[in-house]
Amino acid sequence: MGIITKENVKKLVLEFKEKYNGLDKIINPIIEKYNLPQKELIEVCQVGKYVHLINEQIQIIDKPKPPAPDFILKDGTNIVGLEHTRIFTENVKAYQSIVSLFNYAEKIFREKFPSEFALANINLKNDKLEYKQKEKKLLATQIADLVYNVKMGEIVNFPEYIDDIRISKHSQVSINYLENNFQGPYLTKENLIKEIKKKEKKIELYKSSEIVMSEYWLILLIGSLSSVSYQLDENVDYRTNSLFDRVYLMSDFSAEIIRVK
């Protein structure tokens, strides 16, 4: 995988649409079966891409609750328990704090301006914004009002923490944090092995589930176009042993996948 830059994002999106023709047939049975929150819908889409890449004949038959694995797949006559996880860097909490703030601003925008729609992409100075929990509502309201004013064409002064705001027409409301430096570090084999070991502890719990499974697989996701998400390193041999029957490493955005066990 080459280095992802802002210039080739549009190209990757177009390639994605062509590459995943038929993905809906894989994920719709689960989406229609459950009323899933957004976070779990994203997980279903990620696992759907994974299935599409390795074998479109595999079915996603369930998304059970613990102690069962995250997903139950059917591979021919085999019932497979699939554990799904993301690998993030140590800076993930600060990043998630900013994303949470922007999600809150989006909610406030909908409440204050119910007839207005916009796609807002916001860059922060130095990709940082630290705040206390008691300041969250005030900051989120400030961001929502700022997006509205920019959309209406008013001349505004950005607060010191905002570098730029770009507004596009949209059918809904979407306020997004875009990093200036959104390229994460390369994943080392040592970090990969550490993450696999964490998940291996769950295998005994899986076996206590009411669902009888013939195999246990693990998929680890990286590469989500943020500074807290690792990149694949083409110079590293990620193959390793594991208590899982299969282990896959997948770069989410570029959809590169490697079977490491």
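The values are calculated or read from the model by the stated rules, or taken from the named source; none is laboratory data. These figures come from a predicted structure and were not determined experimentally. Please note: Cβ atoms are built from the backbone with ideal geometry, for glycine as well, and neighbour counts cover all protein chains shown.
Here Ile31, Ile60, Ile42, Ile26 are screened, and the one residue that is under 26 Å from Lys202 (Cβ atoms), of a type in the set (Val, Ile, Thr), modelled with pLDDT of 90 or more and not assigned by TED's automatic domain parsing to the domain that holds His170 is Ile60.
Among the criteria (1) within 18 Å of Leu138 (Cα to Cα); (2) in contact with a helix residue (DSSP H, G or I) (Cβ under 8 Å, 6 or more places away or on another chain), the one Ser97 does not fulfil is (2). In the condition set (1) assigned by TED's automatic domain parsing to the domain that holds Thr188; (2) part of a loop (DSSP other than H, G, I, E, B); (3) surrounded by fewer than 19 Cβ atoms within 10 Å (Cβ to Cβ), Glu130 is compliant with all but (1). Gly81 passes every criterion in (1) assigned to a strand (DSSP E or B); (2) at pLDDT below 90 apart from (2).
Per the conditions (1) assigned by TED's automatic domain parsing to the domain that holds Val247; (2) free of Cβ contacts under 8 Å to residues at least 12 places away in the same chain; (3) over 27 Å from Met250 (Cα atoms), the sole criterion not satisfied by Ser208 is (2). The conditions of being part of a helix (DSSP H, G or I) and either touching an Asp or Glu at 6+ places or on another chain (Cβ under 8 Å) or without any contact (Cβ under 8 Å) to a residue 12 or more places away in the chain (or both) are not met by Tyr104. Being assigned to a strand (DSSP E or B) and closer than 30 Å to Phe244 by Cα, is that true of even one residue in the stretch 177-190? Checked the stretch 177-190: at least one residue is assigned to a strand (DSSP E or B) and closer than 30 Å to Phe244 by Cα. From the list Asp237, Asp233, the one residue that fits, being out of contact with any helix residue (DSSP H, G or I) (no Cβ under 8 Å at 6 or more places or on another chain), among the charged types (D, E, K, R), part of a loop (DSSP other than H, G, I, E, B) and within 20 Å of Ile87 (Cα to Cα), is Asp233. Entry remark, the stretch 143-199: residues being more than 29 Å from Glu83 (Cα to Cα), in contact with a strand residue (DSSP E or B) (Cβ under 6 Å, 6 or more places away or on another chain) and among the polar types (S, T, N, Q) number 3 in total.
For (1) surrounded by 17 or more Cβ atoms within 10 Å (Cβ to Cβ); (2) β-branched (Val, Ile, Thr), each residue gets a yes or a no:
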residue: Ser209; (1), (2): no, no
residue: Ile222; (1), (2): yes, yes
residue: Val228; (1), (2): yes, yes
residue: Gln231; (1), (2): yes, no
residue: Glu234; (1), (2): no, no
residue: Leu249; (1), (2): yes, no
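When the stretch 133-176 is filtered for residues that are closer than 15 Å to Phe102 by Cα, hydrophobic (A, V, I, L, M, F, W, C) and not in a helix (DSSP H, G or I), the ones remaining, listed by number, are Ile162, Ile165, Ile167, Val173, Ile175.
Tyr238 passes every criterion in (1) of a type outside the set (Val, Ile, Thr); (2) touching a strand residue (DSSP E or B) at 6+ places or on another chain (Cβ under 9 Å); (3) touching a residue at least 60 places away in the same chain (Cβ under 8 Å); (4) surrounded by 15 or more Cβ atoms within 10 Å (Cβ to Cβ) apart from (3). Ser209 - would you say it is assigned to a loop (DSSP other than H, G, I, E, B) and farther than 30 Å from Gly153 by Cα? The answer is yes for Ser209. Here Ser115 qualifies as out of contact with any helix residue (DSSP H, G or I) (no Cβ under 9 Å at 6 or more places or on another chain), farther than 22 Å from Pro185 by Cβ and small (Gly, Ala, Ser).
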